[in-house]
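The values are calculated or read from the model by the stated rules, or taken from the named source; none is laboratory data. Given the structure is predicted, the values throughout are model-derived calculations rather than measurements. Heads up, the Cβs are rebuilt from the backbone with ideal geometry, glycines too, and the neighbour counts pull from every protein chain shown. What goes into the accessible areas is simple: the full protein's heavy atoms, side chains included, and nothing from ligands, DNA or RNA. Shrake-Rupley method; radii C 1.70, N 1.55, O 1.52, S 1.80 Å.
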Amino acid sequence: MKQKRYLLLLMLLTGHIVTAQAPDSIPGEYHLQGVMETASAILLKPDSTFELYFSYGAMDRQGHGKWQVQNGSIVLNSRPRPERDFALVTSKTAPDDFTTVRIVDSNEQVLPFFEALIRTAGGEKYGKMNQEGIFQIPKTKTTGIDLFFTLAPERYSSFPVQSEDNYFEFRIEPWIIEIFVENVVLKPDKDGLKGEHPLLKGDAFSYEKMN
């Protein structure tokens, strides 16, 4: 009899906890706390979608996706991240003595914020793009090219090369600064949320819920 009463009490307590964390109480705007020189917020909408904002220095970034409640935690996921943030526009044999990697974009001011790593049989050559979005090394057999965006350091794209070409031109894909989220876990607490951030290392960040 005592065991039955204990199980009933446990079920009632569990039901109360679930009710307290029901999805209807979760939607709202949550602001990241305690990270210097960084502003970030998560907007959880009643339709189970979210918007994410992140600002550090001169770069503002956004993301979006869907949230759901799993085992008392909120889990965020966006659409899958595309394989590459750049597209190869032109690859050819140029009549000069250089191996050239070039990035083209209508916004030329952003071009110096990219970097390239050229893989060769003799090793790797790394450098920054100039004002025209160009990085060159003496002509050599190229086996691969990696491209990086310094304002979004977690983003890079790799391109294998299986030709004798020495000129490679790339364009920037429109989603290069979009924030992609995969199974980011946040736990509700009395002030808002605690847990991970998709762009910062650690799992103990605090988000205060705005009234």
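Amide H contacts under 5 Å for residue 86: 173, restricted to partners 5 or more places along the chain or on a different chain, H placed in the peptide plane at 1.01 Å from N. Label reach from residue 151 (point 7 Å along Cα→C-beta): in the stretch 168-182, amide nitrogens under 19 Å belong to 170-180. Across the stretch 133-145, coupling constants 3J(HN,Hα) worked out from phi with the 6.51/-1.76/1.60 Karplus curve, θ = phi - 60°, read x, 10, 10, 10, 9, x, 3, 7, 5, 9, 10, x, 9 Hz, and Gly and Pro carry x.
Here each label is just a point 7 Å from Cα along the line to Cβ, and for residue 49 and residue 201 those points are 3.5 nm apart. The GluC sites (Glu not before Pro) of the stretch 77-149 that meet both conditions, a loop assignment by DSSP and at most 15 other Cβ atoms within 10 Å of the site Cβ, are 83, 132.
Here the 3J(HN,Hα) profile of the stretch 188-203, calculated from phi with Karplus coefficients 6.51, -1.76 and 1.60 at θ = phi - 60°, is x, 9, 5, 9, x, 9, 9, x, 8, 9, x, 10, 10, 7, x, 9 Hz, Gly and Pro shown as x.
Computed from the C-beta positions of residue 71 and residue 190 and an R0 of 22 Å, the FRET efficiency is 0.70 to the nearest 0.05. For the stretch 111-189, the solvent-accessible area works out to 51 Å² per residue, with a probe of 1.4 Å and every protein chain left in place.
Round to a whole number: what % of the accessible area of the chain belongs to carbon and sulfur, probe 1.4 Å? Carbon and sulfur: 54 percent of the exposed surface of the chain.
Can you tell me how much longer the chain between residue 109 and residue 182 gets when fully stretched, taken as 0.36 nm per residue apart minus their C-alpha distance, in nm with one decimal?
Working: separation 73, 0.36 × 73 = 26.28 nm, distance 3.10 nm.
Extending this stretch completely gives an extra 23.2 nm.
Based on alpha carbons, the Rg and Dmax found for the chain are 24.0, 91 Å.
For the stretch 77-92, the Karplus equation 6.51 cos²θ - 1.76 cosθ + 1.60, evaluated at θ = phi - 60°, returns couplings of 9, 10, 5, x, 5, x, 4, 9, 9, 9, 10, 6, 8, 9, 9, 7 Hz by residue, with Gly and Pro reported as x.
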